[in-house]
Each structure stands twice: as C-alpha cells, then as structure tokens.
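The values are calculated or read from the model by the stated rules, or taken from the named source; none is laboratory data. All values derive from a computational prediction rather than experimental measurement. We place every Cβ from the backbone using ideal geometry, glycine too, and count neighbours over all the protein chains shown. These area figures cover heavy atoms from the full protein model, side chains too; ligands, DNA and RNA do not enter into them. Shrake-Rupley method; radii C 1.70, N 1.55, O 1.52, S 1.80 Å.
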Amino acid sequence: MQMASLRNLDGSVAGGRLPQSQSLNGLATLYKFEDDPHGRHLQWVKTKPEVLQAESFIDAIKDALSDFKGASRIVPSPVRTDETLLNVYIDTDLHLGLLSWGPETGGDYDISIARDMLLSGTSDLLDASCNTHKCVLLSMGDFFHRDNIDGVTARSGHVLDVDSRYNKQIRCGASVKVEQVDQALQKHDEVIIVVMPGNHDEHSAQWLAIALEYYYSNNPRVTVVNMTNPYWVHEFGATMLLSHHGHLAKNKRMAGIAAALYPEIWGRTKYRYGLTGHIHHKTGLEDGGMYVESFQTMAQRDAYASDLGLWAMRSMTAITYSSETGEKTRHTTTPKMVAA
C-alpha cells in the first residue's frame, strides 16, 4: 500500500523539555494518514541519534579550524645546518591540565607550570644540541592529562586531578605547541611535528595535530605527521626510529613490531631505536636488533601515584642521530635546571 504524507497528530514537531538528569537517546513520534477521515490508521516512527563516526569527527574539527588555516608566522631560516644529523626533542607524558598539590604529592603542578616546563626545557635542549638541518618534536603521548570535560579516563573511568576547565586546557595546549614549534624553527630548517595519542588523550591528540597542520599549512618548513596508527616510524639514512606511547605494546615487542610493520625500512637500516613513554621512568632494552628505551616525564606525580608510592626522576631529552652511525649525542634537562 502506498502511504500518504505523514504529520504529527497535533500538527507540530515533537519536542519538550527533558528532566535535567536525563539526555535524549531516541525519539518516537505518532503519525496518522491524512487521507483517513477517521484517524484509524496510526503508526509509531522510532528514531535514534546518528553516531558520530571517526571521519565525521575529523571533518568537524577541520571545519571549525578553517579560519586558522595558513595563519602561522614565517620565521627566517637559520644560516648553517648539518644535513647528516637529526635532532629529536622528546617530551612525553607532559600531562598538561594535571593538578598536583605540593603538601600532598611533594611538588606543585598545574597548567601554567606544565607550559613553562615545556618551553623552558625545549629552549635548554635547543641551546645544547647541534644545528641539524632537520629536527623532530616528538610528543610521545599523554600531552594532555584529560580527554573530556568530565575529567575521567575513557578506558578505565579513573577520576583525575585536573586544573581548571577543559576549554582552558585545550587553548593552552594549542598555543604552547605553536610556541615550541616556533622555537625550533629558529634553529632548524625543517621541523617535523609528531603528536602521538596516549591513553589519556586519544582524541585530544588528534585535534591538536589537525590544528597544527592547518596553522602551519603556509609553511613548507613544517611537517605535521598524521598518526594513522599508534606507531611512528622514521628512516634517516642507516638509522631507524620507531616510537609508540607504550600503553598498547611492551618494549620487548618493539623490535618485532618494527620488523613486521616496516620490513623494508628494517632491511635498509643498521641502527634501530625504539622510543616510548607511558611508565614515566627510564628503562633500556637491547634485543632483536633494536635498542628500546622509555623516557622520563617532566610532570609532577598526582595524588594517586603519590598514594601508591610511585616515584620517578623527571627529565626531558634531546637525542642527535647520525645518518651513518646511529646515535651521536644526547642532552637532558630537568625541572630544577629549568627553574634555575
């Protein structure tokens, strides 16, 4: 039977106020046939909100950032740089947005402190490192402390100690990353930006990378890596770098992952390094043709870690790699050095 046009029984769109503690997750509307004078043929039409897919999420971010596309400030190139060397500036587990109270945890930490740590630490490492043609700003996950306005982790529902509002956190994160990139552009001809998702910021890391990609789209000296999988790989002559936040694969599996996912790069290189974070302290493992290490954080521990007695030294590291002989030098800065 061909159905005639439908309308609400009262001729209006269904709606109304919801109780404050409830949210809309479906809609059922009662219709009748216009050509039925007795209104005996009724039909319930049930709908539900469309789930926002990953592609729609990315498109929405790009649309929101369209006004900032190509708005970056052009910084003059440095005079002399070495193309046979590569500097990698590692910041992992910055946890921007974490709130830590000194009397409870042994040290204060908030958005402003985290911002100063990143910029001052980067400045120290830039001054100490070689003038390489190319550099990588490698944020190995958990750049942000929280991924939503609720202040709880998405996977475990763990309630976090957070500083201020989520809006303030994302604004600070975007601006401080731009300042860090502009610092690096004064020393290096080419800057590669890697913003790796961690277990604390799986979504926020995505929008930050997209924002930086749009902002620096007018600058050919800046490349923003699109993280299509959890592993970032870079081939530099005879040197291979593979990085991962560390929450999905243990360090002892990194050599196997590198060989399985990137067999061509593995075969062409001789010096292979795995770089991870997540555990907040330093470890090293050489096995299976790769040296894998985890790096320390600059962040102060929160109350949860303090209550459990978890402790780690804090630092930020820059490593210089040679295209011919692998790791050449490294430099480290600490919160005390930054404060001084």
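Structural remarks
- Separation of the ASP150 and THR325 label points, Cα + 7 Å toward Cβ, nm: 5.4 nm
- In this structure the amide hydrogen of THR329, modeled in the peptide plane, comes within under 5 Å of the amide hydrogens of THR320, none closer than 5 places in sequence on its chain.
- Ranked order, ASP150, ASP124, ASP182 - accessible area, probe 1.4 Å, largest first: ASP150, ASP124, ASP182
- Theoretical gain in end-to-end length, LYS282 to ALA339 [0.36 nm per residue, Cα-Cα removed]: 18.3 nm
- The stretch 239-289 and the stretch 77-97: distance between their alpha carbon centers, rounded to Å: 19 Å
- Positive contributions from Lys and Arg (+1) and negative ones from Asp and Glu (-1), summed over other residues with Cβ under 11 Å from the Cβ of MET140, come out at -3.
- Stretchable slack from GLU104 to ARG165, in nm (0.36 nm times residue separation minus alpha-carbon distance): 19.8 nm
- Solvent exposure of SER204, expressed as accessible area, is near 0 Å², computed with a probe of 1.4 Å over the protein chains only.
- A simple rule links phi to the HN-Hα coupling: the Karplus curve 6.51 cos²θ - 1.76 cosθ + 1.60 with θ = phi - 60°, which for the stretch 208-218 gives 5, 5, 5, 4, 5, 4, 5, 5, 9, 5, 8 Hz, with x for Gly and Pro.
- Gyration tensor verdict on the stretch 214-272 (Cα atoms; rounded if a/c is under 1.5, prolate if a/b is larger than b/c, oblate otherwise): oblate
- Sparse-neighbour loop sites [GluC sites (Glu not before Pro); the stretch 285-340; at most 15 other C-beta within 10 Å; DSSP]: GLU324
- Distance between the stretch 108-123 and the stretch 195-231 - C-alpha centres, whole angstrom: 20 Å
- Global geometry of the stretch 164-206, whether rounded, prolate or oblate, following the gyration tensor of its Cα atoms and the 1.5 cut on a/c: oblate
- A straight chain from ALA312 to THR223 at 0.36 nm per residue would run longer than the Cα-Cα distance by 28.8 nm.
- FRET E, pair LEU119, ILE74, Förster distance 22 Å, beta-carbon r, rounded to 0.05: 0.60
- Antiparallel bridge percentage (DSSP; both residues within the stretch 146-258; nearest 5): 65 percent
- Tensor-based shape of the stretch 257-340 (alpha-carbon gyration tensor, a/c under 1.5 rounded, otherwise prolate or oblate): oblate
- Rounded to whole Hz, the Karplus (6.51, -1.76, 1.60) HN-Hα couplings of the stretch 145-151, x for glycine and proline: 7, 10, 10, 7, 6, 6, x
- Averaged over its residues, the stretch 197-315 has an accessible area of 46 Å² per residue, based on protein heavy atoms and a 1.4 Å probe.
- Proximity of backbone amide H atoms, modeled 1.01 Å from N, is registered between ASP201 and ASP142 at under 5 Å, excluding neighbours fewer than 5 places apart on the same chain.
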